[in-house]
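Novice: Before we start, here is the structure in question, set down as structure tokens.
What follows is calculated from the coordinates using simple rules that are stated; it is not laboratory data. All values derive from a computational prediction rather than experimental measurement. Every residue, glycine among them, receives a Cβ derived from its backbone with ideal geometry; neighbour counts consider all protein chains shown.
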């Protein structure tokens, strides 16, 4: 029995070493930034703002926390659901904020919810790309839409419009399928 526990312990420690290599997502350590994110969303005209804690993650690079990617949803004029993404770091609680589904280029859809968030990049990629998959309502029909975020200078998030456009009308269903497509389009 001792040898099985020892083997299991070694296997877990080895797999843990591999899991912290590259860029990873982790459940956030705290919700301290949520009040500033809610305030920022309200300043942009959204009401009834809710943070999606199940789709909010700390972003780690080689085990070091870069910042927290916060997902949320609010209502424009109390009738139009709009999702948003925010990025906070230890230095700046509102380093990046962007309304996504339901606003700007996506104003013709209603944001239902964030379905998933994931890292598209491989651990050896120079450019880190993070995908967000949304469930949206288009005139009574549900479908999916996507945005791609990039990380530069180790902790600055930006909207990667060029890569996002390559996923439009692609009908990928999950992060694994997005990774495969991303590998094809980046080459």
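Novice: Among 171-179, 97-105, 55-63, how do they line up from the highest to the lowest mean number of other beta-carbon atoms within 10 Å?
Specialist: 97-105, 55-63, 171-179
Novice: Over the alpha carbons of the chain, what is the largest minus smallest coordinate on each principal axis, giving the biggest first in Å?
Specialist: Projected onto its principal axes, the Cα set of the chain covers 62, 38, 36 Å.
Novice: Here's another thing I want to ask about it. Quickly estimate the mean residue ellipticity at 222 nm for the chain, helices only: each DSSP H run with n ≥ 4 gives -39500 (n - 2.57), and the total goes over all residues, rounded to 500.
Specialist: So the helix-based figure for the chain works out to -8000 deg cm²/dmol.
Novice: Once you have a ≥ b ≥ c as the square roots of the Cα gyration tensor eigenvalues for region 73-172, tell me rounded if a/c is under 1.5, and otherwise prolate or oblate according to whether a/b is larger than b/c.
Specialist: Oblate, since a/c reaches 1.5 and b/c is not below a/b.
Novice: Return the percentage of antiparallel bridges among DSSP beta bridges fully within the chain, rounded to the nearest 5 %.
Specialist: 100
Novice: When only C-alpha pairs under 8 Å and at least 6 residues apart count, what is the relative contact order of the chain, in percent?
Specialist: Relative contact order here is 14 percent.
Novice: If the chain between residue 44 and residue 169 were fully stretched, how many nm would it gain, using 0.36 nm times the residue separation less the Cα-Cα distance?
Specialist: Here the segment from residue 44 to residue 169 would lengthen by 42.2 nm.
Novice: If R0 is 41 Å, what FRET efficiency do you get for residue 65 and residue 141 from their C-beta distance, rounded to 0.05? Kindly include the intermediate steps, with their values, before the conclusion.
Specialist: On the way: r = 39 Å, r/R0 = 0.95.
The formula returns an efficiency of 0.55 here.
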